[in-house]
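Q: Below you will find the structure I want to go over with you.
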């Protein structure tokens with residue numbers, strides 16, 4: 001069973017990499033408040049059974065105008081096909097006070113494409129936009145599975161994800177460098193459920209780059225273990241931290257999101 005789940009999960013991670021649509025205050029844990037830094041979506045995917053739905057909500061008493069920019073693993077613009085819109089790497093929105101807008105990829109890309117996205121306000125207002133991305137997996141013989149991708153904070157330089165590889169469960173991670181001009185090296189320390197150090201590693205992403213992988217595939221010492229992964233990183237210009245998203249895969253097929261935790 002674990003091999004079947006691993007093969008399926010690897011397919012997922014090549015085409016898509018929790019359970020919370022809430023945002024967070026700078027340096028704090030996830031809550032019902034949005035902060036200025038909550039502008040990135042750590043995973044976007046389309047094709048081979050995958051599609052992504054984006055929902056945006058204007059929480060203000062005045063209209064908001066903003067762009068959403070999609071970027072691939074290589075840091076270059078990522079063109080996605082959207083229903084009733086067509087192929088584009090940038091979407092522009094103007095939402096009235098209290099309004100909402102939703103767009104959905106067609107799911108027709110082949111091979112599957114993946115990346116991440118960032119929201120850029122072009123109206124001069126610094127208050128955040130509400131919303132989320134929803135990843136949907138549609139595969140023959142299985143019900144559709146969905147998972148919410150909350151907006152991530154690009155200002156957090158220290159973040160923690162839990163992981164659990166026991167009893168056939170798997171943990172996947174997506175990372176992105178929100179700086180388009182400076183490289184970023186992300187240091188990772190792993191600890192078991194008792195806080196005992198396991199190992200460490202690092203990942204370097206050039207400007208705008210994105211990657212997604214199974215933790216125990218990249219770090220075999222984590223196989224059949226549970227604990228936490230500490231991520232520490234800041235771009236060379238000392239301006240932003242990494243975009244981080246985790247996914248927990250159930251051996252029977254469903255998956256759910258793991259969001260990063262931070263200290264105040």
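Q: Taking only the alpha-carbon atoms of the chain, what semi-axes of the equivalent ellipsoid follow from 5 times the gyration tensor eigenvalues under a square root, in whole Å, largest first? It would help to have the intermediate numbers written out before the result.
A: Values: eigenvalues 156, 101, 54 Å².
Equivalent ellipsoid of the chain: 28, 23, 16 Å, largest first.
Q: Using a Förster distance of 41 angstrom, determine the FRET efficiency expected from the C-beta separation of residue 256 and residue 180, and round it to 0.05. Kindly include the intermediate steps, with their values, before the conclusion.
A: Values: r = 30 Å, r/R0 = 0.74.
In this case the efficiency is close to 0.85.
Q: Using the 10 angstrom Cβ neighbour count as an exposure proxy, how do 36, 103 rank, fewest first?
A: Working: 36 14, 103 17.
Least to most surrounded, the residues fall as 36, 103.
Q: With runs of 4+ DSSP H residues as the only contributors, calculate the mean residue ellipticity of the chain at 222 nm using -39,500 (n - 2.57) per run, divided by the residue total and rounded to the nearest 500. Mind dumping the intermediate values first?
A: Values: 2 runs with 18 residues, N = 264.
The helix contribution divided over the chain gives -2000 deg cm²/dmol.
Q: Using the 10 angstrom Cβ neighbour count as an exposure proxy, how do 104, 230 rank, fewest first?
A: Numbers: 104 17, 230 14.
Ranking 104, 230 by Cβ neighbours within 10 Å, fewest first, gives 230, 104.
Q: Separate question: From the C-alpha coordinates alone, can you work out the Kirkwood hydrodynamic radius of the stretch 59-141, in Å? Provide the component values of the computation, followed by the final result.
A: Numbers: mean 1/r = 0.0698 Å⁻¹.
Its Kirkwood hydrodynamic radius stands at 14.3 Å.
Q: When 179, 199, 109 are ordered from fewest to most other Cβ atoms inside 10 Å of their Cβ, what list results? List each step's numbers first, then the result.
A: Working: 179 23, 199 12, 109 20.
Listing 179, 199, 109 from fewest to most nearby Cβ atoms yields 199, 109, 179.
Q: Pull out a ≥ b ≥ c, the square roots of the eigenvalues of the alpha-carbon gyration tensor of the stretch 32-171, then state rounded if a/c is under 1.5, prolate if not and a/b is larger than b/c, and oblate in the remaining case. Walk me through the numbers before you get to the answer.
A: Numbers: a/c = 1.78, a/b = 1.29, b/c = 1.38.
The shape class here is oblate.
Q: Between residue 79 and residue 187, what is the label-point separation in nm under the 7 Å Cα-to-beta-carbon projection?
A: 4.2 nm
Q: Also, quick follow-up: Figure the gain on full extension for residue 160 and residue 199 (residue separation times 0.36 nm, minus the Cα-Cα span) and round it to one decimal in nm.
A: Details: separation 39, 0.36 × 39 = 14.04 nm, distance 1.49 nm.
Value of the extension gain: 12.6 nm.
Q: If the chain between residue 167 and residue 226 were fully stretched, how many nm would it gain, using 0.36 nm times the residue separation less the Cα-Cα distance? Before the final figure, lay out each step's value.
A: Details: separation 59, 0.36 × 59 = 21.24 nm, distance 1.04 nm.
Additional length available on full extension: 20.2 nm.
Q: Still on this structure, please answer the following. What residues of the stretch 171-187 lie in the reach of a label at residue 69, counting those whose backbone N is under 18 Å from a point 7 Å from the Cα along Cα→Cβ?
A: Inside the label zone: 176-184.
Q: Next question. According to the square roots a ≥ b ≥ c of the eigenvalues of the Cα gyration tensor, what is the shape class of the stretch 115-264, taking rounded for a/c under 1.5, prolate for a/b larger than b/c otherwise, and oblate for the remainder?
A: Values: a/c = 2.00, a/b = 1.20, b/c = 1.66.
Oblate, because a/c is 1.5 or more while a/b does not exceed b/c.
Throughout, read-outs are computed from the coordinates displayed, never taken from laboratory work. Predicted model, so just to flag it, every value in this text is computed and none were measured. Glycine also receives a Cβ, built like all others from the backbone with ideal geometry; neighbour counts cover every protein chain displayed.
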